[in-house]
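The values are calculated or read from the model by the stated rules, or taken from the named source; none is laboratory data. In this text, all values refer to a predicted model and were calculated from it rather than measured experimentally. Cβ placement follows ideal geometry from the backbone for every residue including glycine, while neighbour counts extend to all protein chains displayed. All accessible areas refer to the heavy atoms of the entire protein, side chains included, with ligands and DNA or RNA removed. Shrake-Rupley method; radii C 1.70, N 1.55, O 1.52, S 1.80 Å.
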Amino acid sequence: VANLAHFNAPALYRGLAHASPSRFVTMSGLGFGITTVITLLVISVGYGTFGEACHDLVLSNYHPTSDRLATLARAATITSVAGSFPLVFFALREASLALLRRAGCRSTKAAWYALTAMLPTAALLLALLVPSLGTAVGLLGSVL
């Protein structure tokens, strides 16, 4: 989730104080670098603890209710995913509108509202139907 901002780069550049290409590269590198180090640390600890028996979602290895730190980590994960959804959704909706325009459709308020309602619904249905996080990540990796 931490490295999902790349598709919003133009909007992030416009919002950067004292924006310049070199400042954007510096700030982007710093942000991606810090989140990459944190991600690698968490992955290493999870794999070091469980090895080959590690589940797709490392928190699934811990007891669902009696492990307080794992419960806190689950709450943090939910918060992170919920907080990143607007970033991902904004880019998805904008790309969908651009695709409609390329197909010759007019980009209207009605299309904007329809996509705003339909895309999260489709995402929810997919989340309910896909049985494994590994399947979802594999599918995403093959499409992107």
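Accessible surface for segment 63-143, divided over its residues, is 75 Å² per residue with a 1.4 Å probe.
Mean projected area of the convex hull spanned by the Cα atoms of segment 63-143, taken over all viewing directions: 6.9 nm². Here the dipole of the chain is about 720 debye; that uses its Cα centre as origin and unit charges on the Cβ of Lys and Arg (positive) and Asp and Glu (negative). The listed residues 67, 56 rank as 56, 67 when sorted by accessible area, largest first, using a 1.4 Å probe.
Put 118, 27 in order of accessible area, highest first, and with a 1.4 Å probe you get 118, 27. Protein heavy-atom surface of segment 1-54, 1.4 angstrom probe: 74% of the accessible area is carbon and sulfur, with nucleic acids and ligands not counted. Based on Cα contacts under 8 Å between residues 6+ apart, the chain shows a relative contact order of 24 percent.
Once Cα Rg over 2.2 N^0.38 Å is calculated for the structure shown, the corresponding label among (i) 1.34; (ii) 1.09; (iii) 1.28 turns out to be (iii). Projecting the Cα positions of 62, 19, 120 onto the charge dipole of the chain (unit charges on Cβ atoms of Lys, Arg, Asp and Glu, taken about the Cα centre) puts 19 furthest along the positive direction.
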